[in-house]
1. Just checking, which of 126, 110 is β-branched (Val, Ile, Thr), in contact with a Leu (Cβ under 7 Å, 6 or more places away or on another chain) and either within 19 Å of residue 42 (Cβ to Cβ) or surrounded by 13 or more Cβ atoms within 10 Å (Cβ to Cβ) (or both)?
2. Return the residue satisfying two criteria in turn: it lies in the stretch 138-167 and is of a type in the set (Gly, Ala, Ser) and either in a strand (DSSP E or B) or touching a strand residue (DSSP E or B) at 6+ places or on another chain (Cβ under 6 Å) (or both), and of such residues it is modelled with the highest pLDDT.
3. Every residue in the stretch 51-67 that is open to solvent by less than 40 Å² (accessible area, probe 1.4 Å), part of a loop (DSSP other than H, G, I, E, B) and closer than 24 Å to residue 355 by Cβ, please.
4. Can you report the number of residues in the stretch 264-298 which are of a type in the set (A, V, I, L, M), in contact with a helix residue (DSSP H, G or I) (Cβ under 6 Å, 6 or more places away or on another chain) and under 18 Å from residue 313 (Cβ atoms)?
5. Identify the single condition in (1) at pLDDT 95 or above; (2) open to solvent by less than 50 Å² (accessible area, probe 1.4 Å) that residue 243 does not satisfy, given that it satisfies every other one.
6. With the checklist (1) within 30 Å of residue 129 (Cα to Cα); (2) in contact (Cβ under 8 Å) with a residue 60 or more places away in the chain in hand, flag the one item residue 174 doesn't pass.
7. For the stretch 68-89, which residues satisfy the criterion of being in a helix (DSSP H, G or I), open to solvent by 50 Å² or more (accessible area, probe 1.4 Å) and not acidic (Asp, Glu)?
8. Say we look at the stretch 326-364 and pick out the residues that are of a type in the set (Phe, Trp, Tyr) and part of a loop (DSSP other than H, G, I, E, B); which of these is nearest to residue 304 (Cα to Cα)?
Amino acid sequence: MFRDVAIIGGGMSGLVSAIEVKRNYPEKSVVIFEKLEKVGKKILATGNGRCNLDNLTANENDYNKPGFVSFALQKFSPQSNLDFWKSLGLLTVADNEGRVYPRSNSASSVLDALRFEVENLGIEIVSENIVSLTKAKIFKINNNHEAKNVIVCMGGCSSPSQGSDGSGFGLLKKLGHRITSLAPSLVQITTDTRFTKSLKGVRVRGKLTLRENEKIIGISEGEILFADYGLSGIATMDLSRFLAKVQNVKNTKIYLDMANDMTEKEIISYLSERQKLNPSLECENLLTGILPKAMGKVLLKKCNVFLGEKVKNLSDKDFENVAKNMKSFEFCVTGTKGFEFSQVTSGGVSLEDVNRETLMSKKVEGLYLCGEILDVDSRCGGFNLHWAVSSARLAAELKG
């Protein structure tokens with residue numbers, strides 16, 4: 001069967017590109033190939049079911065390859081993408097950090113808006129796993145479909161249960177594309193669990209610094225959630241992007257600053273004041289005014305402070321030790337929770353093989369690549385979905 005445009009992958013990029021192709025070229029026949037029974041499964045899981053679909057502040061400097069993404073992001077800005085969503089009948093709201101959500105606060109509204117427009121435009125959806133893609137005069141797909149143009153939107157390796165299993169890389173490699181090193185990104189980090197097990201479920205705000213052999217590899221700030229396997233929370237997920245740069249995870253440590261708005265001297269002054277005001281206070285309650293109680297107790301134990309001791313018996317050296325650990329609590333990294341739990345894949349098709357102004361492959365004419373299958377990634381907050389939509393709209397112009 002022949003179609004003018006075949007789109008492989010029915011996730012965010014695939015659905016958006018299909019809609020934009022049909023709007024740009026109403027006369028063209030368009031088909032979406034999706035391996036799962038239904039399109040858009042991964043959309044439903046984004047943003048904890050709320051779908052953080054964009055960020056008002058998004059620009060090229062938020063991405064790992066700013067020089068490549070700049071053309072697409074300048075052409076399809078956050079406001080341009082909000083207009084696209086509005087054209088589907090989807091209204092949005094933004095929080096004070098620029099994160100954009102559907103007004104309904106439900107990811108299913110996003111998927112419904114896309115599905116309804118796909119149906120309205122007469123775009124065909126075929127449930128089929130694509131295992132071969134070749135090109136002579138035209139593209140052959142699984143040896144039983146043909147197309148003049150193909151847009152590959154198969155995602156990376158993240159969340160394989162939702163359709164992204166990395167199979168797109170194999171198809172593109174056979175067509176001559178280079179694939180960079182792949183790693184899970186925006187994922188929980190596993191560490192030694194001496195302290196994290198007893199802190200399971202506790203949240204703190206602070207700054208995380210990733211060091212390999214004491215060299216700073218990356219820094220992030222925000223909420224940290226402790227788990228029995230290590231660290232989670234937005235700051236941890238953002239920090240995980242930098243683990244792809246690490247040569248040997250065994251030489252890697254994370255340092256948590258739980259008071260990044262205070263200096264060590266200010267913390268010592270605070271502790272001394274507490275000692276003067278309430279000398280009979282038990283040590284286990286010393287940090288309740290500055291940290292969650294469970295975190296404070298773990299920190300004091302690490303500093304060899306007996307929790308049942310009276311505060312009046314603590315020395316200046318004790319205060320210095322507590323302040324130092326509050327500013328630089330150490331965790332030894334053992335790895336991550338892997339692709340199964342990651343939101344995004346770091347790495348992908350080499351950007352040297354793709355025209356940044358059209359997203360057409362430099363290896364195969366008429367083949368376009370967009371979204372996560374490319375070596376483009378960003379931090380939490382709607383930036384990755386912004387790229388998914390903007391790149392899909394650029395590829396849908398079908399310019400060679």
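The values are calculated or read from the model by the stated rules, or taken from the named source; none is laboratory data. The model shown is predicted, which means the values in this text are computed figures rather than measured ones. Virtual Cβ from ideal backbone geometry, glycine too; neighbours counted across all protein chains shown. Quick note on the areas: whole protein, heavy atoms, side chains included, nothing else; ligands and nucleic acids left out. Shrake-Rupley method; radii C 1.70, N 1.55, O 1.52, S 1.80 Å.
1. Matching residue, one of 126, 110: 110.
2. 147
3. Across the stretch 51-67, the qualifying residue is only 58.
4. 5
5. Of the numbered conditions (1) at pLDDT 95 or above; (2) open to solvent by less than 50 Å² (accessible area, probe 1.4 Å), the odd one out for residue 243 is (1).
6. Exception for residue 174: condition (2).
7. The answer is 71, 74, 75, 79, 86, 87.
8. The extreme case among them is 341.
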